[in-house]
Amino acid sequence: MGNTQAVIPKKPAISASSLKVLEEARQAAVVMFTKDGCGYCTMAKDILNDEGIPYVEKNLSVKAKEDPDNFEKYMNGLINLTKSRTVPQIFLCGKFIGGCTDLNSSRSNLKLMLQNCSADGGKTLKPDWIEKHKI
């Protein structure tokens, strides 16, 4: 017969700006990218607060004012990583889970999902999870 070796596709290289966003998304069990005046961002924050789940907010409106020269590159990194242009963009245990609607759909499982990276309901990250997900 012929050579039947499986070909495993390589993961595409991640850009430096996407890498920066990913590092920020792994700073806490729940990280949410928001913008000022976003109603869905407010609803997502309310869901997390109602569930007693701590989160880190990355406000893109503030970031645009603080570092206007690099903001477009940063946003491109976020968009390339998530394939989404809307906010909020929510990461749970370093993984993009979607926006407010996705968060609400996952509401009953959030604490269970957090067990992958946090032993205390999202307050802190497990040391072994941090080590495993270093960039």
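Between PRO68, PRO54, PRO88, the residue with the greatest mean-square fluctuation in the GNM of the chain (Cα pairs under 10 Å linked by springs) is PRO68. What is the local net charge at VAL21, summed over the other residues whose Cβ is closer than 12 Å to its Cβ (Lys, Arg +1; Asp, Glu -1)? Surrounding charge for VAL21 is +3.
For the chain, the Cys residues with no second cysteine's beta carbon closer than 4.7 Å are CYS100.
Residues whose amide H comes within less than 5 Å of that of ASN59, counting only those at least five positions distant or on another chain, are THR34 (H built at 1.01 Å from N in the peptide plane).
So if I place +1 on the C-beta of Lys and Arg and -1 on the C-beta of Asp and Glu, and nothing else carries charge, what would the dipole magnitude of the chain be about its Cα centre? I want it in debye, nearest 20. Write down the numbers at each step before the final one.
On the way: 19 positive and 15 negative charges, 89 e Å.
Dipole of the chain, to the nearest 20 debye: 420 debye.
The base-10 log of I(q)/I(0) for region 61-135, evaluated at q = 0.16, 0.18, 0.27 Å⁻¹, reads -0.75, -0.89, -1.14 [Debye formula, identical scatterers on Cα atoms, solvent excluded].
What relative contact order, as a whole-number percentage, does region 17-135 give when Cα pairs under 8 Å and 6 or more residues apart are counted? Can you show the working numbers first?
On the way: 171 pairs, mean separation 42.0, N = 119.
Rounded, it is 35 percent for region 17-135.
For the chain, a Gaussian network of Cα nodes joined below 10 Å ranks GLY52, GLY98, GLY37 by mean-square fluctuation, and the top entry is GLY37.
For the chain, the 222 nm mean residue ellipticity estimated from helices alone, with every DSSP H stretch of n ≥ 4 adding -39500 (n - 2.57) and the total spread over all residues, rounds to -12500 deg cm²/dmol. Here P(r) over Cα pairs in 10 Å bins from 0, in percent was calculated from the structure, and among (1) 13, 39, 27, 16, 6, 0; (2) 11, 34, 23, 16, 13, 3, 0; (3) 12, 39, 31, 12, 4, 2, 0 it sits at label (3).
Estimated from the Cβ-Cβ distance and a Förster radius of 25 angstrom, the FRET efficiency linking ASN109 and ALA13 is about 0.20.
Read-outs throughout are calculated quantities, based only on the coordinates presented, and are distinct from any laboratory measurement. Computed from a predicted model, the values in this text were never measured in an experiment. Methodologically, a virtual Cβ is constructed for each residue, glycine included, from the backbone with ideal geometry; neighbour enumeration extends over all protein chains shown.
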